[in-house]
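Report on one structure; see the data block that follows.
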Amino acid sequence: MKMSRRGFLKMVGLGGAAAVAAAPGKARASAREEAVGLLVDTTLCVGCRGCEVACSEQHGTEIEGCGDKAVFEQRRVTTPGTLTVVNRLDAPGKDGSPRYAKSQCMHCVEPACASACLARALDKTPEGPVVYHQERCLGCRYCMIACPFEIPRFEYDKAAPAIRKCELCAQRKDGKGPACAEACPSGALMAGSRAELLEIATARVWQNPDKYVHHVYGEHEVGGTSVLYLADVAFEKLGLRTDLGSRGYPELTQGALGVVPFVMTLWPPLLMGLYTFAKAREERVSKSDGTEGSHD
């Protein structure tokens, strides 16, 4: 079928409009209350770093300064090889003893990292954990920009780099929960359904009003997280942001980013069409010139 230049450009225009129209609107995900979660009660943490050891054993990585209290002299962040870290707070708890806080992926109910990922390499599973699929990853690192907790880490030093983060041990079978929770000797970590953990956390606050900050961190922040925190000091001192609001971050990005996959899919055939059209035109011009030359 022959197509004029005007007809082809009209098709391009309609295709672009269709891509924008087909972009998914914002859709607020409902909180998966039965999804697996983790409760971190910082008033019970003794800074043993048993959770770090269990995590490193689970993932076959090395633990930094095992048994060395000097690691608490400066604040640490997660790395591609250290998916959870325990830090000692500058301020002591209400009872005067040191306070420690575990840091890892928060496994948001509406994860901004998954929403920002053009290749769907990050995915919120029905079971709760936000997991990573390396075979889909383009290496764009938009997830690192989107995450309000700055958790995804990129393996810059590897020939085939990947994103690394806590996955709440989603790969463990036979109903086993996160290795860190199983290893915690003080009861500071508890795994269970998000709904169950919220009940437990709320009950602790109400039963001990003079002990805890009257808030369960993660209940509402960024639309809710599957990792929840209790504390007797300000959450800012735990290194947790308190300026995030209760609105899910995907609402702020999904509309714009939703167009990108359609555009990425649409452009290759459009460019091929333009190339074919231009090539055919050149051949017609060349043939026409050759015909005219033969009359001479």
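A short reminder: the numbers here are calculations on the coordinates, not readings from a lab. Computed from a predicted structure; not experimentally measured. Note: ideal-geometry Cβ built from the backbone for every residue, glycine included; neighbour counts use all protein chains shown.
Taking amide H positions as placed in the peptide plane 1.01 Å from N, state which residues far from Val227 in sequence (5 or more) or on other chains have amide H under 5 Å from it.
Leu38
Taking H placed 1.01 Å from N in the peptide plane, check which residues at least 5 places from Cys166 or on another chain put their amide H under 5 Å from its amide H.
Cys105
Using 29 Å as the Cα-Cα cut-off, could you pick out the over-long pairs in Lys102/Lys158; Lys124/Lys158; Lys94/Lys176; Lys69/Lys237; Lys124/Lys173?
Over 29 Å Cα-Cα: Lys94/Lys176.
What ranking do Lys158, Lys94 get, fewest neighbouring Cβ atoms within 10 angstrom at the top?
Lys158, Lys94
Whole-Hz Karplus ³J(HN,Hα) for segment 57-69, in order, using 6.51 cos²θ - 1.76 cosθ + 1.60 and θ = phi - 60°, x for Gly and Pro?
Listing the rounded values in order: 5, 5, 9, x, 10, 8, 9, 6, x, 4, x, 9, 5 Hz.
Using θ = phi - 60° and the Karplus curve 6.51 cos²θ - 1.76 cosθ + 1.60, what whole-Hz ³J(HN,Hα) does each residue of segment 182-199 get, with Gly and Pro shown as x?
Coupling constants for segment 182-199: 5, 8, 5, x, 9, x, 6, 10, 9, 9, x, 6, 4, 4, 5, 5, 5, 4 Hz.
Under 5 Å between amide H atoms, partner at least 5 residues away or on a different chain: which partners does Leu122 have, H built in plane at 1.01 Å?
His133
May I ask you to evaluate 6.51 cos²θ - 1.76 cosθ + 1.60, the Karplus curve with θ = phi - 60°, for each residue of segment 230-245 and list the ³J(HN,Hα) values in order in whole Hz, giving x for glycine and proline?
Running phi through 6.51 cos²θ - 1.76 cosθ + 1.60 with θ = phi - 60° gives 10, 7, 10, 10, 4, 4, 4, 6, 7, x, 9, 6, 10, 10, 8, x Hz.
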